[in-house]
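Data first, discussion second: the structure below is written as structure tokens.
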Amino acid sequence: MIAILVSQSPLFVVSQSPLFLLTVTLYSAAFIAYAATWRSHQPIVGRLATLALGLAIAANSGLIVARWIEAERAPFKSLHESLVFLALCVALVYLVMERLYRTRVFGALASLGSTGALLYALVHWDAEVVRLPPALQSGWFIPHVVVYFVGYGALFFATAVAAVHLVRPTLRLRAGTIFGSEVDLERVTYDAIAFGFVLLTIGLLVGSVWAKEAWGDYWVWDPKENWSLVSWLVYGSYLHLRRLKGWRGRRLSWLAIGGFAVVLFTYLGIELLPTAAESAHAYQ
């Protein structure tokens with residue numbers, strides 16, 4: 001019994017996976033460096049932050065490739081595997097946004113999000129390789145997961161910007177972005193949500209085609225399918241309400257944050273529902 005408990009402890013797990021420890025360390029270093037850019041205007045500090053994040057992304061990619069080789073399948077089946085992939089998507093989406101807007105203001109929140117995803121993955125360590133059930137042995141498996149998780153990365157970024165907007169509503173990105181002028185936080189949030197919404201839409205459509213192939217119906221009212229639809233409707237409402245008078249500023253930022261709360265429940269909270277055992281999408 002003691003041996004089993006020790007083998008499942010986070011410290012033991014980390015000691016057995018140096019690459020996992022390296023990835024967490026690099027994301028943590030990126031967080032510290034990006035946080036330092038809030039105080040320091042020295043260019044070297046920002047470059048070191050971006051370098052640390054780039055190295056973390058490389059290590060994170062190595063984790064996924066190693067698991068892919070070990071499992072002989074795409075490593076997206078278990079909760080642990082998906083969290084490792086989520087950490088990568090959050091970091092990659094942020095890095096693209098950093099290049100687009102030419103600001104490192106949100107880097108600390110992005111690297112913190114990736115670190116948090118990996119630490120949660122550590123709690124749900126999955127040492128045993130699980131074979132895919134027949135329903136997941138489909139060509140739709142990889143595109144469906146990739147599209148959704150890149151969308152989750154974009155929506156996390158939008159949530160981080162919305163949180164900053166609540167704290168500093170007057171903050172504007174300095175001139176010199178690729179857009180040629182200053183960009184306010186509300187606009188950045190909108191752009192990220194619009195991108196994420198497109199990916200959620202594609203994910204829903206791909207999932208429907210996959211469901212037709214696997215179960216003979218485009219929609220089977222699975223709990224996760226239902227909550228995925230709720231997430232889509234919330235962000236669709238955000239995009240429409242933004243055009244209405246009175247739906248700007250803090251109210252819209254809270255809606256963006258609330259939308260990501262629904263996404264988190266769709267991703268992590270379905271297992272808490274009484275009908276979770278009936279779901280074909282619940283993580284085992």
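Computed from the coordinates by the stated procedures, all read-outs in this text should not be read as laboratory data. What you are looking at is a predicted structure, and each value in this text was computed from that prediction instead of being measured. So basically every Cβ, Gly included, is an ideal-geometry build from the backbone, and we count neighbours across all protein chains shown.
Key figures
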item	result
Which of 133, 209, 228, positive extreme of dipole for the chain (C-beta unit charges)	228
Summed residue charge, Cβ within 14 Å of residue 255's Cβ, Lys/Arg positive, Asp/Glu negative	+4
Which label in [x] 19.6, 63; [y] 21.8, 75; [z] 18.5, 57 gives the computed Rg and Dmax of the Cα atoms in Å	[x]
Given charges at beta-carbon only (K, R positive; D, E negative), |dipole| of the range 2-278 in Debye	1340
Span-rule helices in the chain, defined as complete DSSP H runs reaching 18 Å or more along the axis (Cα) with Kyte mean at least 1.0	18-37, 43-71, 79-101, 107-123, 141-167, 185-215, 250-264
Gap separating the Cα centres of the range 230-271 and the range 12-66, nearest whole Å	30
Qualifying lysines (Cα of each under 25 Å from Cα of residue 212; at least 8 residues distant if same chain)	77, 224
